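Novice: Here's a structure for you.
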Amino acid sequence: VLMLAAAWFLSGRLPDSTLFLRLLLSIGLPVIVAAAVLLSRVSRRDLRLLMAVLAGILLLLRLIWFPVETTDYTDFLRPWANWYHAHGGLQALGRNVGNYNVPYLVFLALFSYWDVPVLYPIKLLSTVFDLVLAISLSRIVILLTDSEKRGAAVFLLVLALPTLFIYLSLCVKC
């Protein structure tokens, strides 16, 4: 219930969020969490298939939100990427642009070479690091507990956290 309330509240904070997308986020995330809790009842053979399906749903939920532009993107990230594009991409890294950490600015400079709106590679980068976090934490749990099912549950729970989901996937925070 807490997950449902948090997802509904946080999704309402998004600019131009439609009722359908709010419902999808609000219902989808708690369903994934419920599935993670029920993983203990799944046979080991079916665990990987179930994990692939649920992870796919979580990634699809992120993709649905890729077109959403927030003020962080329009006021900062897009202008910085455009500046890198206008000044030679990686060659411009020595100049003081933006106040994010250097590795993130390197990614922005690299994205400035792509012939797509920079919003999509930025959100893709956030999604990749969401996956890295989920995989890393699940591996730690597996090592500590010797339970693949607990590791799978942690993987899903990390990807389904509303704060992480919204902060990284929707608001393009780093």
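The values are calculated or read from the model by the stated rules, or taken from the named source; none is laboratory data. Computed from a predicted model, the values in this text were never measured in an experiment. So basically every Cβ, Gly included, is an ideal-geometry build from the backbone, and we count neighbours across all protein chains shown. Note: areas computed on protein heavy atoms with side chains; ligands, DNA, RNA excluded. Shrake-Rupley method; radii C 1.70, N 1.55, O 1.52, S 1.80 Å.
Novice: Could you grab the pairs with beta carbons closer than 9 Å, sequence gap of 6+ or different chains, first residue in the stretch 101-117 and more than 11 Å from Asn82 (Cβ to Cβ), second one open to solvent by 50 Å² or more (accessible area, probe 1.4 Å) and at pLDDT 90 or above?
Specialist: Qualifying pairs under 9 Å: Val106/Leu90; Ala109/His85; Ala109/Leu90; Ala109/Gln91; Leu110/Leu90; Tyr113/His85; Tyr113/Leu90; Trp114/Tyr120.
Novice: Right, something else. Mind listing whichever residues of the stretch 34-65 are at pLDDT below 80, among the β-branched types (Val, Ile, Thr) and under 16 Å from the mean Cα position of the chain (by Cα)?
Specialist: Ile64
Okay, residues lined up against (1) open to solvent by less than 50 Å² (accessible area, probe 1.4 Å); (2) more than 24 Å from Leu164 (Cβ to Cβ); (3) assigned to a helix (DSSP H, G or I); (4) at pLDDT 95 or above:
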| residue | (1), (2), (3), (4) |
| --- | --- |
| Tyr100 | no, no, no, no |
| Tyr104 | yes, no, yes, no |
| Tyr113 | no, yes, no, no |
| Pro117 | no, no, no, no |
| Pro121 | yes, no, yes, no |
| Ser126 | yes, no, yes, no |
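Novice: So, Ala160, is that one modelled with pLDDT of 85 or more and either closer than 22 Å to Ser43 by Cβ or surrounded by 20 or more Cβ atoms within 10 Å (Cβ to Cβ) (or both) or not?
Specialist: The answer is no for Ala160.
Novice: Can you say whether Pro67 is exposed (fewer than 15 other Cβ atoms within 10 Å of the Cβ), in contact (Cβ under 8 Å) with a residue 40 or more places away in the chain and over 19 Å from Leu39 (Cβ atoms), as far as the supplied structure shows?
Specialist: Taking the combined requirement at face value, the residue satisfies it.
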